[in-house]
Amino acid sequence: MKAIVADDSRLIRGIIEKTAASIGFEAVQAGNGREALSLLEASGGEINLVLLDWNMPLVSGIDVIRKMRGDDRFKKIPVLMISTESEEDRIQEAIRAGAQGYLTKPFTADQLTDAIHQVLEKH
């Protein structure tokens with residue numbers, strides 16, 4: 001299974017990728033939302049999960065979700081938003097936009113693993 005890990009922090013991408021790999025995902029990294037969308041375009045439908053930061057340069061995570069949900073090729077791919085944005089209205093905005101789950105930073109590997117499993121179960 002393949003996942004996109006999109007975060008503007010290389011360190012956070014590495015942590016998320018390592019955790020995703022521990023449960024069987026091959027991850028590709030994107031440093032911003034535009035890169036994440038490009039990876040989706042180039043994936044040929046092989047992406048099974050997108051793990052997105054909200055606050056990224058060029059294209060934000062919330063805009064990536066909106067673009068995914070507006071595109072028949074990508075609208076069914078599960079999305080987990082991982083962000084420092086912890087206000088309830090932001091969480092609800094991400095869910096309304098089409099995220100299946102939301103995890104606030106900082107997080108533990110166990111919390112991330114649980115959140116990924118919950119998102120996949122909803123899918």
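The values are calculated or read from the model by the stated rules, or taken from the named source; none is laboratory data. Quick caveat, the model's predicted, so the values are computed rather than measured. With ideal geometry, Cβ positions are generated from the backbone for all residues, glycine too; neighbour counts draw on all protein chains shown.
Select, from 38, 86, the only residue that is on the phi < 0 side of the Ramachandran plot and at pLDDT below 95.
86
Just the residues that are closer than 14 Å to residue 2 by Cβ, over 11 Å from the mean Cα position of the chain (by Cα) and small (Gly, Ala, Ser), please, taken from the stretch 29-49.
Within the stretch 29-49, 42, 43, 44, 45 qualify.
Run down 115, 94 and say which single residue is modelled with pLDDT of 95 or more, under 18 Å from residue 1 (Cα atoms) and assigned to a helix (DSSP H, G or I).
After ruling out the rest, the residue left standing is 115.
For the stretch 43-63, how many residues meet the condition of being in a helix (DSSP H, G or I), among the hydrophobic types (A, V, I, L, M, F, W, C) and either in contact with a strand residue (DSSP E or B) (Cβ under 6 Å, 6 or more places away or on another chain) or over 23 Å from residue 19 (Cα atoms) (or both)?
Residues meeting the conditions: 0.
Looking at (1) part of a helix (DSSP H, G or I); (2) more than 12 Å from the chain's Cα centre (by Cα); (3) closer than 17 Å to residue 120 by Cβ, which is the only condition residue 68 fails?
(2)
Would you confirm, using the coordinates I've provided, whether residue 62 is touching a residue at least 24 places away in the same chain (Cβ under 8 Å), of a type outside the set (S, T, N, Q) and closer than 15 Å to residue 116 by Cα?
Here the answer is no, as residue 62 does not meet what is asked.
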